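The values are calculated or read from the model by the stated rules, or taken from the named source; none is laboratory data. As the structure is a prediction and not an experimental result, all values here were calculated from the model. With ideal geometry, Cβ positions are generated from the backbone for all residues, glycine too; neighbour counts draw on all protein chains shown. The protein model used for the area step is the full one, side chains on, heavy atoms only, and it has no ligands, DNA or RNA in it. Shrake-Rupley method; radii C 1.70, N 1.55, O 1.52, S 1.80 Å.
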Amino acid sequence: MNTTGWIVLIVVVVVIVVVVILALTVGRNRKREADRHRAEEMRQTAAQSELEAREREAKAARAAADAKQAEVDAERLRREAGDRESAAAAARSESEEARRKADDVDPDVRTDRHGNRIDDGPRDGTAATPGTTATPGGTTAAGTTAAGTTAPDATTTPDGAPRHAAGHDAPRFDDGTGPRP
């Protein structure tokens with residue numbers, strides 16, 4: 001080959017090498033730019049995720065605070081309910097004591113040593129015969145009414161409920177109601 005051929009061949013090879021080098025450099029720069037862009041997107045996504053995580057933590061903290069407040073409120077309400085129960089029990093006790101005192105004062109009502117009624121006393125204005133105990137409905141413990149007719153079993157009330165036993169802790173009330181054994 002002559003010198004001109006060699007020069008052309010060297011120029012062509014140099015041009016091809018330069019083109020390849022330029023292509024690689026441009027490709028590398030494009031890849032770097034794409035990587036930068038992708039890294040920026042990943043950072044934005046991470047920042048968004050971090051913000052969402054903080055929001056969730058704040059919501060969890062609020063939920064925990066709400067739960068603690070609910071516990072405090074529940075405890076306060078339990079105490080308030082206990083106080084009200086105590087007040088109701090005290091009022092009930094005062095009422096029962098007032099009834100016992102009234103029964104002690106009333107000459108027509110027989111009571112035991114604890115102030116509980118032994119009998120309900122006559123209701124219709126008739127008195128029980130001596131030696132018998134008056135029961136609700138005007139019957140006597142002997143099982144007869146003031147009119148002399150046979151009454152239902154003397155151990156039950158007219159509605160069939162068992163009678164209050166003497167000496168029991170719970171008092172009987174005038175209308176025959178009250179705690180039943």
Testing ASP66 on (1) open to solvent by 80 Å² or more (accessible area, probe 1.4 Å); (2) touching a residue at least 24 places away in the same chain (Cβ under 8 Å); (3) not hydroxyl-bearing (Ser, Thr, Tyr), one condition comes back false. Which one is that? (2)
Could you please find all residues in the range 1-36 being among the small types (Gly, Ala, Ser) and either within 60 Å of the chain's Cα centre (by Cα) or open to solvent by 80 Å² or more (accessible area, probe 1.4 Å) (or both)? ALA34
Kindly indicate whether ALA128 is hydrophobic (A, V, I, L, M, F, W, C) and modelled with pLDDT under 80. yes
When ASP103 is run through (1) on the phi > 0 side of the Ramachandran plot; (2) in contact with a strand residue (DSSP E or B) (Cβ under 8 Å, 6 or more places away or on another chain), the failure sits at (1)
